[in-house]
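Please read the structure below before turning to the comments.
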Amino acid sequence: PANYFHCLRRQIMRDSRKPLVVVSPKNLLRNKRCVSSLEDMGPGRMFQRVINETDPNIADNPENVKTLVFCTGQIYYELLAEREKQERLDVAIVR
């Protein structure tokens, strides 16, 4: 949600007006795991083009990663659930 907020804010703050097309399923707005803190929407924060691996067990041990997956949106949460179900620590997911 914070990235969506920053995308909308950046669109409003632009000097020139361009159409903004956001193609995103609404179910991500209802997903309990798809949340952001108020800090993520505050001053000094901005839109992130890439969000690195968020699991500290994987992010802090890159030498153990055998597979790196790039994905977006709902696919991220499906892959995350499957990785947790299989208890894999050798797969990093970047979105």
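The values are calculated or read from the model by the stated rules, or taken from the named source; none is laboratory data. Values in this document were obtained by computation on a predicted structure and should not be read as measured data. Positions of Cβ are backbone-derived with ideal geometry, glycine not excepted, and every protein chain shown enters the neighbour counts. Heavy atoms of the whole protein, side chains included, go into the accessibility calculation; ligands, DNA and RNA do not. Shrake-Rupley method; radii C 1.70, N 1.55, O 1.52, S 1.80 Å.
So here's what we get for this one:
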read-out: Residue list for the stretch 57-71, restricted to those being open to solvent by 90 Å² or more (accessible area, probe 1.4 Å), in a loop (DSSP other than H, G, I, E, B) and of a type in the set (A, V, I, L, M); value: none
read-out: Search result, residues across the stretch 45-82 that are of a type in the set (S, T, Y) and farther than 19 Å from K26 by Cα; value: T54, T67
read-out: Residues of the stretch 24-45 satisfying the condition of being under 10 Å from N3 (Cα atoms) and under 13 Å from the mean Cα position of the chain (by Cα); value: S36, D40
read-out: Residues (modelled with pLDDT of 95 or more and either assigned to a loop (DSSP other than H, G, I, E, B) or farther than 22 Å from A2 by Cβ (or both)) located in the stretch 72-86; value: E82, R83, E84, K85, Q86
read-out: Selection from the stretch 72-82 of residues that are charged (D, E, K, R) and open to solvent by less than 90 Å² (accessible area, probe 1.4 Å); value: E82
read-out: Residue tally, condition open to solvent by 100 Å² or more (accessible area, probe 1.4 Å) and part of a helix (DSSP H, G or I), over the stretch 1-56; value: 8
read-out: Single match in R88, R95, R83 (criterion: of a type in the set (K, R) and under 15 Å from the mean Cα position of the chain (by Cα)); value: R95
read-out: Evaluation of T67 against (1) in contact with an Asp or Glu (Cβ under 7 Å, 6 or more places away or on another chain); (2) more than 17 Å from I93 (Cβ to Cβ) (one fails), failing number; value: (2)
